[in-house]
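Engineer: Once you've had a glance at the structure underneath, I'll fire off some questions.
The values are calculated or read from the model by the stated rules, or taken from the named source; none is laboratory data. Please read all numbers here as calculations on a predicted model, not as lab measurements. So basically every Cβ, Gly included, is an ideal-geometry build from the backbone, and we count neighbours across all protein chains shown.
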Amino acid sequence: MPKEKILIVDDEPNIRLTLVEALQGWGYDPIEAGTIAAGRELFDAEQPLAVLQDINLPDGSGIDALREYKNRQPQAVVIMITGNVQLEDTIAALRGGAYDFISKPVRLNELQVTIRNGLEASKLRREVVTLRRERAQEFNFSQIIGQSTAMSEMLRLAKKVAASEASSVLLQGASGTGKDLVAKAIHYGSSRTDHPFIAINCAAIPGTLLESELFGHERGAFTDAKARKEGLFEQAQGGTLFLDEIGELELGLQAKLLRVLEEGKFRRVGGLKDLPLNVRVIAASNRDLKSESEAGRFRLDLYYRLSVIQIDLPPLSQRGDDVLLLANYYIAHFNERLRKRIRGLQPEVTEIFRRYQWPGNVRELRNVIERVMILEDSDSITSSWLPRDLVKDEQAKTKEDFVYPTTAAVPVALAVQVQHGFVLPEGGIELEEVELSFVRQAMERSGGNQTRAAELLGISRDQLRYRLKKIEDLHSTD
Ligand SMILES: Nc1ncnc2c1ncn2[C@@H]1O[C@H](COP(=O)(O)OP(=O)(O)O)[C@@H](O)[C@H]1O
Ligand SMILES: [Mg+2]
């Protein structure tokens, strides 16, 4: 195992020598600097686990150095070492995150114990942080259901973005495609996970209020501003601010947001000072911001800034059989919530689900499952309680794809193909429809004689009746 690196920053060579020898004796790997500047450089280059930091140095204060170390590496163990301890220094050092305070002349035994404890505590903290991060990542992205190509690609990008330093992200997708979900997964899957995730819907708050909501205000900034107020940007410090429906943001506020993103600082309403900002902004829109900006409704420069990292959420209709995965996921979910024991979808429902366009995307699917599970009495989901839209959509499709009976070009063409051994047409077919079409044709040719029709189709009369019932069902809901 490599020795643990410890940085010594002190301007007195004698002290450095003593400390270096002691640290080596205890099995550490000491590195040393005689100035704040040199110490900072070594800290960055060598990433020591601990620092023994003198307070008074010719080129600055050890307290400032401490703050810098903790900023860059919060888990670093910084032990302050000083000649004459001032109360203010002690307070400042402890506030700045110093692990401990040791006065000169240094008692080596004491120092050894302090270093050992400090490193131990820091190691535990690092482990906790790593575990928490792993868990957050696992937990959140794994809640997002989807194995289709479109979803896998989207998720791959989102995970990459989460782990990155990107300061802004744009999520685009229709309502119900999972923008909220993905925004949260990005936050909890990032190093910001221990800091706040704050969401605001830009459409829900009028522009005048929104500005002070976002940026806060100073006392007296306007008539009602009786006290200073922290804005959401400030509250989200270190974490993520989710600006939902960013397309609804007023043009003036768009300009302010752009400035914040570009300069990494912001100003409270009525404030004179710029405040530094460390917040990742995730903006979401269900409109295409590019065309919005082309139409003059959205600032083009803000669009360009946001779209540096853009994640498009595919509509549910482009996710293939994810719709079935999601359906089963929600069946399990509502089984628990509603104390039901639904086992799955009937094949007819599977087909309807696959073919329906889902304009409300996952949200609509979730609502449909909830509705049907409340109403359904059997142990699987049948089409009996499906909302009209789904069933109507199904019929519309069936009718337009397939014109019955004999005038239809498709069945005739297929019938010819049958003689040649069932050639699958270029564009594919809907097997179920082909089947029903042949049932109809057989019934016509046999003049309604079911036995004869069944013979023509090579199936039993019961099998024929089952299929006739299907045709009937399709039309009875008209
Ligand atoms: N891929 C998915 N897996 C599981 N649940 C999802 C998925 N996408 C969306 N949802 C759920 O669908 C609903 C709508 O998602 P939401 O993130 O609010 O969509 P949007 O913000 O795009 O309108 C929520 O209940 C959400 O949990
Ligand atoms: Mg949303």
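Engineer: Just checking, how many residues over region 292-333 are in contact (Cβ under 8 Å) with a residue 40 or more places away in the chain, aromatic (Phe, Trp, Tyr) and out of contact with any Leu (no Cβ under 8 Å at 6 or more places or on another chain)?
Structural biologist: 1
Engineer: Output yes when any residue across region 41-53 is among the polar types (S, T, N, Q), assigned by TED's automatic domain parsing to the domain that holds ILE91 and under 17 Å from VAL78 (Cβ atoms), and no when none is.
Structural biologist: Yes, region 41-53 contains a residue that is among the polar types (S, T, N, Q), assigned by TED's automatic domain parsing to the domain that holds ILE91 and under 17 Å from VAL78 (Cβ atoms).
Engineer: Of the conditions (1) under 23 Å from HIS195 (Cβ atoms); (2) within 16 Å of ligand 1 (Cβ to nearest atom); (3) in contact with a Lys or Arg (Cβ under 9 Å, 6 or more places away or on another chain), LEU243 clears all except one; give me its number.
Structural biologist: LEU243 satisfies all of (1) under 23 Å from HIS195 (Cβ atoms); (2) within 16 Å of ligand 1 (Cβ to nearest atom); (3) in contact with a Lys or Arg (Cβ under 9 Å, 6 or more places away or on another chain) except (3).
Engineer: Next question. Which residue, of ALA93, ALA136, is part of a helix (DSSP H, G or I), in contact with a strand residue (DSSP E or B) (Cβ under 6 Å, 6 or more places away or on another chain), hydrophobic (A, V, I, L, M, F, W, C) and at pLDDT below 90?
Structural biologist: None of the other options fit; the residue is ALA93.
Engineer: Give me the helices (runs of 4 or more DSSP H) completely within region 164-260, filtered to those with at least 2 residues that are of a type in the set (A, V, I, L, M, F, W, C), touching a strand residue (DSSP E or B) at 6+ places or on another chain (Cβ under 7 Å) and at pLDDT 90 or above, ordered by residue number.
Structural biologist: 179-188, 232-235
Every residue, every condition in (1) within 16 Å of ligand 2 (Cβ to nearest atom); (2) in contact with a helix residue (DSSP H, G or I) (Cβ under 7 Å, 6 or more places away or on another chain), yes or no:
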position	(1), (2)
ALA92	no, yes
GLY118	no, no
LEU131	no, no
PHE141	no, yes
GLY146	no, yes
THR149	no, no
ALA166	no, no
GLY176	yes, yes
LYS179	yes, no
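Engineer: Counting just the residues of region 266-287 that are at pLDDT 90 or above and of a type in the set (Lys, Arg), which one comes out nearest to ligand 1 (Cβ to nearest atom)?
Structural biologist: Ranking the candidates gives ARG287 first.
Engineer: For the list (1) within 16 Å of ligand 1 (Cβ to nearest atom); (2) farther than 27 Å from ASN361 by Cβ, I need the number of the one condition that ALA227 fails.
Structural biologist: That leaves (1) as the condition not met.
Engineer: Can you tell me how many residues within region 8-39 are surrounded by fewer than 20 Cβ atoms within 10 Å (Cβ to Cβ) and part of a helix (DSSP H, G or I)?
Structural biologist: Matching residues across region 8-39 total 13.
Engineer: Of the conditions (1) more than 16 Å from ligand 2 (Cβ to nearest atom); (2) assigned by TED's automatic domain parsing to the domain that holds ILE246; (3) within 26 Å of SER142 (Cα to Cα), HIS333 clears all except one; give me its number.
Structural biologist: Every listed condition holds for HIS333 apart from (2).
Engineer: Can you tell me which residues in region 142-173 are near ligand 1 (Cβ under 10 Å from one of its atoms) and surrounded by 19 or more Cβ atoms within 10 Å (Cβ to Cβ)?
Structural biologist: Hits for region 142-173 are GLY146, MET151, MET154, LEU171, GLN172, GLY173.
Engineer: What about GLY34, is it touching a Leu at 6+ places or on another chain (Cβ under 9 Å), of a type outside the set (D, E, K, R) and more than 18 Å from TYR99 (Cα to Cα)?
Structural biologist: Criteria met by GLY34.
Engineer: Test each condition in (1) of a type in the set (A, V, I, L, M, F, W, C); (2) farther than 24 Å from VAL113 by Cβ; (3) in contact with a Phe, Trp or Tyr (Cβ under 6 Å, 6 or more places away or on another chain) for ILE36 and report the one that comes out false.
Structural biologist: Here ILE36 meets the rest and fails (3).
Engineer: SER142 fails exactly one of the following numbered conditions: (1) outside the structural domain of ALA284 (by TED's automatic domain parsing); (2) within 13 Å of ALA283 (Cα to Cα). What is the number of that condition?
Structural biologist: If we test SER142 against (1) outside the structural domain of ALA284 (by TED's automatic domain parsing); (2) within 13 Å of ALA283 (Cα to Cα), just (2) comes out false.
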